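Engineer: Have a look at this one.
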Amino acid sequence: MNIPDLIKQFKNRDRRALSRVISLIENEYSGVSDIMREVHLLTGKSHRIGITGPPGAGKSTLVNALSQEIRRRGKTVGIIAVDPTSPFTGGSLLGDRIRMSAALTNSDIFMRSMASRGGTGGLARTTPQAADALDAFGFDVVLIETVGVGQLELDVAATVDTTVVVLVPETSGNVQAMKAGLIEIAEIFVINKADRTGADNLRQELLDAMDLMPPGLRGDWEIPVLKTSAIEETGIRELADTLEKHYSYLEEKEILKTNRLNQKKRNIINIMKYEIENRLWLNKDLKPHLDSLSQQCLDGKIDPYIAANIFLKHADNNSDI
Ligand SMILES: Nc1nc2c(ncn2[C@@H]2O[C@H](COP(=O)(O)OP(=O)(O)OP(=O)(O)O)[C@@H](O)[C@H]2O)c(=O)[nH]1
Ligand SMILES: [Mg+2]
């Protein structure tokens, strides 16, 4: 494959090139750093929005409706939907692709599924890089739908500018039991499926729960609790308005810059962790050493902490690492 050509096509806004670049990122093709160097220079212009929440809350349906609304406002949208990896095939499920079909038919909207393999926090490990690619390609808004993991971990908040937590009226009565982190990462709450009963109760419970949180957690941004019905397409305009308002807030207070700096830090650390791990596991010299240390642990001669330290010392002296 000719990487310079691919980069040229990408810069010419060829969607096939974009798809190809994301595939290379997802498959961790070894030459991807040559591409990312170019891609990275073009990033920083999109509003990155994370849509997270429990399974079946209507995230995909909402992303679909929201992207149409953003489109009506004259902006382009790139979507990443992180699918749960099927434990049987290792591939991603097709559900989201089907549910987002309306988004797919609109040429100003680009949608891509990524399997969650190896990732935590409802994201695939390479999702931040894929989001960079969408940003660099020039989409005004990048929407990331996370896997609907039951107990959410919180990587998504560290990858986007605005985190939207989607809940349903049935959560009402269970706010106390919700993982605290879910409340803490929300910059906007959406109670979807508000066509059902219970939305107002949940709204009140969320407001009460936030009252109990230390003030200033989100600066002076008052976390809105909106009601939508993604199916009936109500409340979507208010959501789009609120997202725009949050972005202006971040820009005005210069929070955007600080957040993005922290995101970069996290990005670097994650890449390093992965690299270090890879180097350790792929090194032929170290594998027997690890085997021997494991055996010594099993025999009760050393404990795993000492073993880890011995191993690291050995690795330090190995020039390939
Ligand atoms: N009544 C009602 N149903 C909805 C609404 N939004 C979505 N649904 C339905 O809820 C179900 C799940 O919707 P999805 O959009 O797939 O939910 P999700 O959060 O993306 O699900 P996962 O990605 O699997 O976690 C589907 O049957 C939708 O038709 C809504 O506003 N009202
Ligand atoms: Mg979904």
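Engineer: For the stretch 210-321, what relative contact order do you get, as a whole percent, if you take Cα pairs closer than 8 Å and at least 6 residues apart?
Structural biologist: On the way: 34 pairs, mean separation 16.5, N = 112.
So the answer I get is 15 percent.
Engineer: Calculate for the chain the 222 nm mean residue ellipticity that helices alone would give, adding -39,500 (n - 2.57) per DSSP H run of length 4 or more and normalising by residue count, nearest 500 deg cm²/dmol. Walk me through the numbers on the way to the answer.
Structural biologist: Working: 13 runs with 156 residues, N = 321.
-15000 deg cm²/dmol, from helical runs alone.
Engineer: What lysines sit close enough to Lys264 to cross-link, taking a C-alpha to C-alpha distance under 21 Å and skipping anything fewer than 8 places away on the same chain?
Structural biologist: Once the sequence-local lysines are set aside, what remains near Lys264 is Lys45, Lys253, Lys273.
Engineer: With a point put 7 Å past each Cα toward its Cβ, work out how far Asp5 is from Asn318 in nm, to one decimal.
Structural biologist: Each label point is offset 7 Å from its Cα along the Cβ direction, giving 3.9 nm.
Engineer: Out of all DSSP beta bridges with both ends in the chain, state the antiparallel percent to the nearest 5.
Structural biologist: Bridges in the chain that DSSP calls antiparallel: roughly 5 percent.
Engineer: Once label points are set 7 Å from the Cα along Cα→Cβ at both Lys264 and Ser30, what is their separation, rounded to one decimal in nm?
Structural biologist: About 2.9 nm, to one decimal.
Engineer: Looking at the stretch 162-321, what % of its DSSP beta bridges pair antiparallel, to the nearest 5?
Structural biologist: Working: 1 of 10 bridges.
In the stretch 162-321, DSSP labels about 10 percent of beta bridges as antiparallel.
Engineer: Net charge near Glu233, counting Lys/Arg +1 and Asp/Glu -1 over other residues with Cβ under 14 Å of its Cβ? Numbers along the way, then the final one.
Structural biologist: Working: positive: Arg71, Arg72, Lys193, Lys227, Arg237; negative: Glu69, Asp195, Glu232, Glu238.
Around Glu233, the charge tally is +1.
Engineer: Between Ala308 and Asp195, what FRET efficiency follows from the Cβ-Cβ distance if R0 is 56 Å, with the result rounded to 0.05? Walk me through the numbers on the way to the answer.
Structural biologist: Numbers: r = 54 Å, r/R0 = 0.97.
It comes to 0.55.
Engineer: Could you check the spin-label model distance between Gln176 and Glu275? Points 7 Å from the Cα along Cα→Cβ, value in nm.
Structural biologist: Spacing of the two 7 Å Cα→Cβ label points: 4.9 nm.
Engineer: In whole angstrom, how far apart do the alpha carbon centroids of the stretch 8-54 and the stretch 276-309 sit?
Structural biologist: So the two Cα centres are separated by 37 Å.
Engineer: Looking at this model, which pairs from Lys11/Lys265; Lys59/Lys245; Lys8/Lys227; Lys11/Lys227 are more than 32 angstrom apart at the alpha-carbon? Please list the in-between numbers first.
Structural biologist: Numbers: Lys11/Lys265 26 Å; Lys59/Lys245 21 Å; Lys8/Lys227 43 Å; Lys11/Lys227 39 Å.
From the list (Lys11/Lys265; Lys59/Lys245; Lys8/Lys227; Lys11/Lys227), the Cα-Cα distance tops 32 Å for Lys8/Lys227; Lys11/Lys227.
Engineer: Also, I was wondering about something else. If you place +1 on the Cβ of every Lys and Arg, -1 on the Cβ of every Asp and Glu, and leave all else neutral, what size is the dipole of the chain about its Cα centre, to the nearest 20 Debye?
Structural biologist: Working: 39 positive and 43 negative charges, 175 e Å.
In debye, rounded to 20, the chain gives about 840.
Engineer: Now, a different point. Which whole-number percent is the relative contact order of the chain (Cα, under 8 Å, 6+ apart)?
Structural biologist: 17
None of the figures in this text is laboratory data; all of them are computed from the coordinates on show. Keep in mind that this is a model prediction, so the values were computed, not measured. Here Cβ is always computed from backbone atoms with ideal geometry, including for glycine, and neighbour counts include all displayed protein chains.
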